[in-house]
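A.B. asks: Submitted below is the structure of interest, expressed as structure tokens.
The values are calculated or read from the model by the stated rules, or taken from the named source; none is laboratory data. Just so it is clear, the model here is predicted, and its values are computed rather than measured. So basically every Cβ, Gly included, is an ideal-geometry build from the backbone, and we count neighbours across all protein chains shown. Please note that ligands, DNA and RNA were not included when accessible areas were found on the heavy atoms of the full protein model with its side chains. Shrake-Rupley method; radii C 1.70, N 1.55, O 1.52, S 1.80 Å.
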Amino acid sequence: MYIVLLGPPGSGKGTQGQILAKRFGLNHLSTGDLFRAILGDEDHPLYPKVQVVKEGKLVSDDVVNLVVEDALNKEEYESGVIFDGYPRTVAQAEALDDMLSSRERKVDMVIDFDVTEEVLLDRLLGRRVCSSCKGVFHKKQGYDKCPKCGGELITRDDDNEATIKERFEEYKNKTAPLQQYYKSGDSKYICIMVDDVDKTPDDIQKQIIDKI
């Protein structure tokens, strides 16, 4: 099974992707993780192409597609994948369709996390990140120090209301064509409404399973 997750940063798609991967025995494919792995391996054939990430420049669709295809060529991804953070554009979605078609596979399901601005603000304004192990927590949990390693918990510079709202609007504008692309295709399309700040990951997971 091949599943695409859609949702803005803070929607919880990463957490749900990991839970779904374990439940269905699939591999969780995060483009961020793929880029970090390649950047840590100077012998990787795509190492020169991903240097734009270090430079803070926008990564082209072509490079992102190459990175994903490189991953899909590995045996571990043959049994099925949950795509987290990819595709982000219609061009990337079309490229993914071609990659899977060449393997006699297709995107079986799209799960779209429709999160409200209120929920995003609550989650991201309350987010605290460990400066040492990079663990992520929320101020509601009441930790003064990281419960994993004892490191200092800090607020990311971009976790401020103006930036969160700007990115949310940008996400909605850029993702609308991608949503339409999948809605008009033959993949099962599931929309998960996330409109309650008190909903737990388990609550969201139950919503997903009920719709699947």
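A.B. asks: Count, please, the residues in the stretch 155-194 that happen to be open to solvent by 60 Å² or more (accessible area, probe 1.4 Å), within 21 Å of residue 141 (Cα to Cα) and either aliphatic (A, V, I, L, M) or under 19 Å from the mean Cα position of the chain (by Cα) (or both).
C.D. replies: Number satisfying all stated conditions: 1.
A.B. asks: Name the residue that is nearest to residue 92 (Cα to Cα), counting only residues in the stretch 195-212 that are surrounded by 14 or more Cβ atoms within 10 Å (Cβ to Cβ) and of a type in the set (A, V, I, L, M). Spell out the reasoning first.
C.D. replies: Just the residues of the stretch 195-212 that are surrounded by 14 or more Cβ atoms within 10 Å (Cβ to Cβ), to begin with: 197, 199, 204-205, 207-208.
Filter again for of a type in the set (A, V, I, L, M), leaving 197, 204, 208.
On the way: 197: 32, 204: 27, 208: 25 Å.
Ranking the qualifying residues of the stretch 195-212, first place goes to 208.
A.B. asks: Next question. Any idea how many residues of the stretch 17-35 are within 14 Å of residue 79 (Cβ to Cβ), surrounded by 13 or more Cβ atoms within 10 Å (Cβ to Cβ) and in contact with a Ser or Thr (Cβ under 9 Å, 6 or more places away or on another chain)?
C.D. replies: Looking only at that region, the number is 2.
A.B. asks: Another question, then. Starting from the stretch 18-37, keep only residues that are in contact (Cβ under 8 Å) with a residue 24 or more places away in the chain, then list their pairs with residues that are part of a helix (DSSP H, G or I) and open to solvent by 30 Å² or more (accessible area, probe 1.4 Å) whose Cβ atoms are within a distance under 6 Å, requiring at least 6 positions of separation or different chains.
C.D. replies: So the pair list comes out as 27/76; 28/18; 35/53.
A.B. asks: Take residue 62 and decide whether it is under 25 Å from residue 112 (Cα atoms) and either loosely packed, with under 13 Cβ neighbours inside 10 Å or in contact (Cβ under 8 Å) with a residue 40 or more places away in the chain (or both).
C.D. replies: yes
A.B. asks: Further question: Only one residue in 164, 154, 190 is modelled with pLDDT of 95 or more and in contact with a helix residue (DSSP H, G or I) (Cβ under 6 Å, 6 or more places away or on another chain), so which one is that? Full working, then the answer.
C.D. replies: Values: 164 fails: modelled with pLDDT of 95 or more; 154 fails: in contact with a helix residue (DSSP H, G or I) (Cβ under 6 Å, 6 or more places away or on another chain).
Just a single option satisfies the conditions, and that option is 190.
A.B. asks: Under the condition of being part of a loop (DSSP other than H, G, I, E, B), in contact with a helix residue (DSSP H, G or I) (Cβ under 8 Å, 6 or more places away or on another chain) and open to solvent by less than 70 Å² (accessible area, probe 1.4 Å), which residue from the stretch 104-146 is modelled with the lowest pLDDT? Even if it seems obvious, please write down each step before you answer.
C.D. replies: If we filter the stretch 104-146 for residues that are part of a loop (DSSP other than H, G, I, E, B), which is where we start, we get 104-108, 116, 126, 131-135, 142-144, 146.
Cutting the leftovers down to in contact with a helix residue (DSSP H, G or I) (Cβ under 8 Å, 6 or more places away or on another chain) gives us 106-107, 126.
Those still in the list that are open to solvent by less than 70 Å² (accessible area, probe 1.4 Å) too: 107, 126.
Values: 107: 97, 126: 94.
Filtering first and then ranking leaves 126.
A.B. asks: For the stretch 71-103, how many residues are among the hydroxyl-bearing types (Ser, Thr, Tyr), open to solvent by 10 Å² or more (accessible area, probe 1.4 Å) and in contact with a strand residue (DSSP E or B) (Cβ under 9 Å, 6 or more places away or on another chain)? Give the derivation first.
C.D. replies: To start, the set of residues in the stretch 71-103 that are among the hydroxyl-bearing types (Ser, Thr, Tyr) comprises 77, 79, 86, 89, 101-102.
Narrowing further to those that are open to solvent by 10 Å² or more (accessible area, probe 1.4 Å): 77, 79, 89, 101-102.
This time we only want the ones that are in contact with a strand residue (DSSP E or B) (Cβ under 9 Å, 6 or more places away or on another chain), so: 77, 79.
Looking only at that region, the number is 2.
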